[in-house]
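The values are calculated or read from the model by the stated rules, or taken from the named source; none is laboratory data. Keep in mind that what you see is a predicted model, and the values were worked out from it rather than measured. Counting neighbours? That spans all protein chains shown, and the Cβs are built from the backbone with ideal geometry, glycine included. Quick note on the areas: whole protein, heavy atoms, side chains included, nothing else; ligands and nucleic acids left out. Shrake-Rupley method; radii C 1.70, N 1.55, O 1.52, S 1.80 Å.
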Amino acid sequence: MNLIESIILGIIQGLTEFLPISSSAHLEVFPWFFGWETPGLTFDVSLHLGTLVALLLYFWRDWYDMIRAYIASKRMSKDDYIAKFTDEQRGNASLIWPIIIACIPAGLAGVFLEDTLIASFREHTVYVVFPLVVLGIILLAADRKGKKVKSMEEMSVVDCLIIGVAQAFALIPGVSRSGITITAGLLCGLKRDAAAKFSFFLGSPIILGAAVYKLMEVFINGIPASEVSFFLIGTISAAIVGYLCIGFLMDYLKKRNVDIFVIYRFVFAAIIVMVYLQRK
């Protein structure tokens, strides 16, 4: 890997982690397209850290209000709690435990299945075409059929669990963590921007867990001096682009449907097939 490749892959991670187009598919396909060396664990950790930084910077106020309201709900009388916090803050605070519980399926799947799934798709990169297309069709159907009436604070525990279980399928390259969770959110009746926001809320603990888990392994093995600059570049580029991408998607889904992302998934899948056939 060189400097340009690390910058490009960091930008790709920042763009595709939050848009419903699959970061794992892009990070597998681009090195395959251009004959680059597959990024190792150290660089993978840097990309996770970058997207985590983007999430925490963008939603820090939401997390602060949520946690503050939750703690207050345990310490204050019901009347004082209602008087001090808005309906939205109280509703979001009630989602803390459902969010934590909903992360369990994806967390367990990540520990036991991630390496196997990634190895399989890395050996046969063209396989990402199938989840790209299938999830694109399901996302389109969910956007058309979903009622799109609920805000995030109106979610039920069952809604949280459904979306949490769906998130576990994001381990399959080509599915997209944001794509599958937004799809599940739409099917649960969430508004588009609410589905995206909850997707980001649900993804924060998962990305944090993945980053810490892999960072521990990196620290045990040590970061080679030659990879330190790539680590920093990957983190910074993914964080900056990711932050901008979150803002774009939140604004975009307030006014528009998901068609552009579905079309992109289909076009990207078609390009992969054409390149694969040309190289056979």
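For the chain, with a Gaussian network of springs between Cα atoms less than 10 Å apart, report the residue from 92, 221, 257 with the top mean-square fluctuation. Sorting by GNM fluctuation, first place goes to 221.
Based on Cα contacts under 8 Å between residues 6+ apart, the stretch 41-166 shows a relative contact order of 35 percent. Mean sequence separation of contacting Cα pairs (under 8 Å, at least six apart), scaled by the length of the chain, corresponds to a relative contact order of 37 percent.
Taking the accessible area of the stretch 21-68, probe 1.4 Å, and keeping the other protein chains in place, the carbon and sulfur fraction comes to 64%. A Stokes-Einstein calculation at 4 °C with viscosity 1.567 mPa s, built on the Kirkwood radius of the stretch 56-178 over Cα pairs, returns a diffusion coefficient of 76 µm²/s. Among 209, 247, 35, the largest mean-square fluctuation in a Gaussian network model of the chain, built with springs joining Cα atoms closer than 10 Å, belongs to 35. Sorted from longest to shortest, the spans of the Cα atoms of the stretch 227-280 along the three principal axes equal 41, 37, 6 Å. With R₀ fixed at 41 Å, the C-beta to C-beta distance from residue 248 to residue 77 puts the FRET efficiency at about 0.45. For the pair residue 122 and residue 217, the difference between a 0.36 nm per residue extended length and the Cα-Cα distance amounts to 32.1 nm. Find the centroid of the Cα atoms in the stretch 62-92 and in the stretch 100-178, then give the distance between the two in whole Å. Taking the Cα centre of the stretch 100-178 as reference, the centre of the stretch 62-92 is 30 Å away. Of the residues 24, 151, 77, the one that moves most in a GNM of the chain with alpha-carbon contacts below 10 Å is 77.
In this structure the stretch 189-280 gives 52 Å² per residue of accessible area when probed at 1.4 Å with all protein chains present. The slack between residue 161 and residue 147, meaning 0.36 nm per residue of separation minus the straight C-alpha distance, is 3.2 nm. Taking 0.692 mPa s as the viscosity and 37 °C as the temperature, the Stokes-Einstein diffusion coefficient of the stretch 164-280 based on its alpha-carbon Kirkwood radius rounds to 196 µm²/s. log10 I(q)/I(0), Debye, Cα-only the chain, no solvent, q = 0.07, 0.10 Å⁻¹? Debye intensities relative to I(0), on a log10 scale: -0.26, -0.52.
With all protein chains kept in place, the per residue accessible area of the stretch 1-64 amounts to 39 square angstrom at a probe of 1.4 angstrom.
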